[in-house]
Amino acid sequence: MQVTLSMLLTVCPLVFLAATIDAIGGGGGLISLPAYLLTGLPPSMAAGTNKMSACLGTLMATGRFLKSKKLMVKAGLIASLGALPGAWLGAELLKRADPALVRICMMVAIPLVAVILVLKKDTEARALQMTAPRLAGCFALGLGCGFYDGFFGPGTGTLLIMGLTYIIGLDMVTASGTAKLINLTSNVSALISLIAGGDVLFPLALPAMAFSVAGGYFGSWLAIRHGGPFIRKIMLVVVAILMARLAYQWFF
């Protein structure tokens, strides 16, 4: 498939916006994936090309959070170990089940997430001891969110941040940074499979990667600079967009 100038002008600015939002509160795929679909790519190739451009942006954001000491590496790695089999199981189930079942569950769960986001006060940044229960919670969170990512996808980063603040007790900024490491693991795993299946349009993915890196850098800078209240606002926007998308898919 030949890449045109109009395709680049459609995808690249939206990929920058998606990477910026994703670095702050997750949910960038709600913007970037439709951008690729707008260019006329088949769904599988749109997903693969989107994963490739998103991976480098997520890597940039992960590096920024790590440099600023806003990433709990041990928690992220343990959760990543859970995310790998979780994503595989979700993808396998997707081949056999109707995704509408997950949409029904999310239509119920997402408004509850929004209410919790509004009511919850951010915790202060502090050094947490990674006890056995917390490590088990990290693995379970990675397993569950990985499964969701493999089966459904949109909003995985937002769910990870929520889980890391409630289950592990991280402050919002550190949770956002740690979520990037987990997301990066599942994205790379999925990308390897998609590349093997020929579902990546490299002439479009490579230019988009540059915009994804810029967005990841800018978004992580905003999150680190403005802290938890700013991240919470972005997450509420992401939750609202996800709710609207689910409602549209359900009714139309």
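The values are calculated or read from the model by the stated rules, or taken from the named source; none is laboratory data. None of these values were measured; they are calculated from a predicted model. Note: ideal-geometry Cβ built from the backbone for every residue, glycine included; neighbour counts use all protein chains shown.
Show the residue pairs meeting these rules: Cβ distance below 8 Å; 6+ apart or different chains; first residue within segment 34-45 and under 18 Å from L5 (Cβ atoms) and at pLDDT 85 or above; second residue in a loop (DSSP other than H, G, I, E, B) and aliphatic (A, V, I, L, M).
Final answer for the pair search is L41/M1; L41/L201.
Tell me yes or no: at least one residue of segment 179-186 is out of contact with any Ser or Thr (no Cβ under 6 Å at 6 or more places or on another chain), at pLDDT 80 or above, in a helix (DSSP H, G or I) and basic (K, R).
No, there is no match, as no residue in segment 179-186 is out of contact with any Ser or Thr (no Cβ under 6 Å at 6 or more places or on another chain), at pLDDT 80 or above, in a helix (DSSP H, G or I) and basic (K, R).
When you scan segment 153-167, do you find a residue that is surrounded by fewer than 21 Cβ atoms within 10 Å (Cβ to Cβ), part of a helix (DSSP H, G or I) and either acidic (D, E) or modelled with pLDDT under 90 (or both), even just one?
Yes, the conditions are met somewhere in segment 153-167.
Here are the criteria: (1) aliphatic (A, V, I, L, M); (2) within 21 Å of T158 (Cβ to Cβ); (3) out of contact with any Asp or Glu (no Cβ under 9 Å at 6 or more places or on another chain); (4) in a helix (DSSP H, G or I). Tell me which single one A210 does not satisfy.
It is condition (2) that A210 fails.
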